[in-house]
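Heads up: the structure comes next, in structure tokens.
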Amino acid sequence: MTTTSTATIASSSAGPKQQRSGRWIGWAFVGPFMLVFALVFIAPVVYSFYLSLFQNQMVGGNRFVGGANYIQAMNDPQFWDSLFRVGLFLVVQVPIMLFVALFAALAIDSARLHAASFFRISIFLPYAVPAVVATLMWGFMYGSRFGLFGNINQFFGLDLPEPLSSSWILVAIGNINTWEFTGYNMLIFYSALRVIPTDLYEAADLDGAGAFRVIRSIKLPSIRGAIGIAGIFSVIGSFQLFNEPNILKALAPNSISSYFTPNMYAFNLSFAGQQFNYAAAIAMIMGVLTVVVAYIVQLSGSQKEA
């Protein structure tokens, strides 16, 4: 009895010490990530918010103005123009890209497509091309006097629309983004399709379900989570649109303005106009808007899944 009670008391007294030691071990593993996360994410966000509360004036220097920069952004027609353009890009390009990626994933997973591995690699390969290289490549193909479109017009005597004109430039950028990221989203969908339990397919086969019924009743409901993730990534990427229009601006200066997208507007305000405080306010607005829209997409996907 004495030995048992002594062991019990020793274990109970050592319990809190072991728990505290376990907590410190956990923080030791998480600590490096938290440090990097604080330095590269939290600190820049806090500093940007701090900058957005000031204005650099000719008289008085850098002065605290509170929310004046945010009020200015709400009344800035150039900011609203760029935001409307990005919103239109998101509403049109993202569904098309996700549909093409989903169609490709379903075709490869159907086991009826010959050389499925070749098509899977071919569709994913554009994602491995750097965005700058892809934009330059498509930009030169879009050229009406030196590119593929111009050569087709001259050879066949056609009058195809100029992709780099102001009327078609957003469509041209959407095509570049679709070409770049369809393979990435296809791989997300295909990975989700591969982990669907085979029991469901066997049950559907016993019930005499056809291919389209299997897609509608088994495959699409099973990968709804993957579709939601791809949608969130695509929404974030649309609001971050910068590389493609910024590079194409040299080839189409009359079609792409300095405020073509909010990111371009903030970049040019900061590095060309020396308006760091106002650029920080626009960046903060876009960050909050991106989080809100991404959360709405995630919430709608969760409700459908439930």
- Are there any helices (runs of 4 or more DSSP H) wholly within region 185-272 with 2 or more residues that are buried (at least 18 other Cβ atoms within 10 Å of the Cβ), and if so which? 224-239, 243-248, 262-271
- Which pairs have Cβ atoms under 7 Å, sit 6 or more apart or on different chains, and link a residue in region 159-176 that is over 13 Å from G143 (Cα atoms) to one that is of a type in the set (D, E) and modelled with pLDDT of 90 or more? I173/E244; I176/E244
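So that you can scan it fast, the table gives a plain yes or no per residue for (1) among the charged types (D, E, K, R); (2) modelled with pLDDT under 90:
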| residue | (1), (2) |
| --- | --- |
| R85 | yes, no |
| V91 | no, no |
| V100 | no, no |
| F103 | no, no |
| A116 | no, yes |
| I123 | no, no |
- So is L299 open to solvent by 10 Å² or more (accessible area, probe 1.4 Å), at pLDDT below 95 and in a helix (DSSP H, G or I) or not? yes
- in contact with a Phe, Trp or Tyr (Cβ under 9 Å, 6 or more places away or on another chain), surrounded by fewer than 17 Cβ atoms within 10 Å (Cβ to Cβ) and more than 30 Å from I196 (Cα to Cα), is that true of L289? yes
- Please tell me if S110 is under 15 Å from F189 (Cα atoms), of a type in the set (S, T, Y) and modelled with pLDDT under 95. yes
- Do any residues in region 31-46 that are assigned to a helix (DSSP H, G or I) have Cβ atoms under 9 Å from those of residues that are surrounded by 11 or more Cβ atoms within 10 Å (Cβ to Cβ) and modelled with pLDDT under 90, where the two are at least six apart or on different chains, and which pairs are they? none
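The values are calculated or read from the model by the stated rules, or taken from the named source; none is laboratory data. Here the structure is a predicted model, which is why all the values come from computation and not from measurement. Glycine gets a Cβ as well: all are built from the backbone with ideal geometry, and neighbour counts include every protein chain shown. These accessible areas exclude ligands, DNA and RNA; they are computed on the full protein's heavy atoms, side chains included. Shrake-Rupley method; radii C 1.70, N 1.55, O 1.52, S 1.80 Å.
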